[in-house]
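The values are calculated or read from the model by the stated rules, or taken from the named source; none is laboratory data. Remember, predicted model here, so these are calculated numbers, not experimental data. Backbone-built Cβ (ideal geometry, glycine too); neighbour counts: all protein chains shown.
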Amino acid sequence: MTVAESPAGPATEAAFDYGPVDELLSKYRGIKGSLIPLLQGTQAAYGYLPKEAMVRIAQGIGEPLSSIFGVATFYAQFRLIPRARNVVRICHGTACHVSGAPLVSLEVEKHLGIQDGENTEDMLYTLESVACLGACGMAPVMMINDRTYGKLTPDKAVGALKDFSAAEAGSGNGAGKAEAQEASGEEE
Ligand code: FES
């Protein structure tokens, strides 16, 4: 797995902000079975589960770090690496799966040069497979951040990404086309 660091580089021990995790540890101190809410709160605060925070949690609740890590890696809801600036979610719920989501994913992976769960090296994109996005009538569906693209083919998905990148880069070209796809959900 490609693990890209943030452009600023990895957080150092000295620079890490323990405030949020310490606050959560105080909140759940002495409460049995609080590991999952602790991890959920930590992820909500940092956007992922930083190693420093997991070490702090292990110390705080008196469990071995390996146990904390085991829980964090068992549940798909937890991320051990930060997300990139933009998150591309491809739906693999039933309706999207039977409508071609696997081929959409393959083409998007090829275009971005990463696989599911990874970040591009420039930290511009995170790619994630998700379950139903609640737009089954537009299957197969992809989201780039909070924007939804429906009735995709592999080419249309890559086109939407190219349009999005162009808009991000400030050219402005293509953003309208991507938005039109989103609004209509119609096949061209
Ligand atoms: S299955 Fe993909 S949006 Fe529902």
Anything in the stretch 53-65 that is surrounded by 16 or more Cβ atoms within 10 Å (Cβ to Cβ) and either free of Cβ contacts under 8 Å to residues at least 12 places away in the same chain or not assigned by TED's automatic domain parsing to the domain that holds residue 43 (or both)? List them, or say none.
55, 58
For the stretch 66-89, enumerate the residues that are touching a residue at least 60 places away in the same chain (Cβ under 8 Å) and either of a type in the set (Ser, Thr, Tyr) or within 16 Å of the ligand (Cβ to nearest atom) (or both).
88
Kindly indicate whether any position in the stretch 164-173 is in contact with a Lys or Arg (Cβ under 7 Å, 6 or more places away or on another chain) and modelled with pLDDT under 95.
no
How many residues, within the stretch 65-86, are at pLDDT below 90 and small (Gly, Ala, Ser)?
1
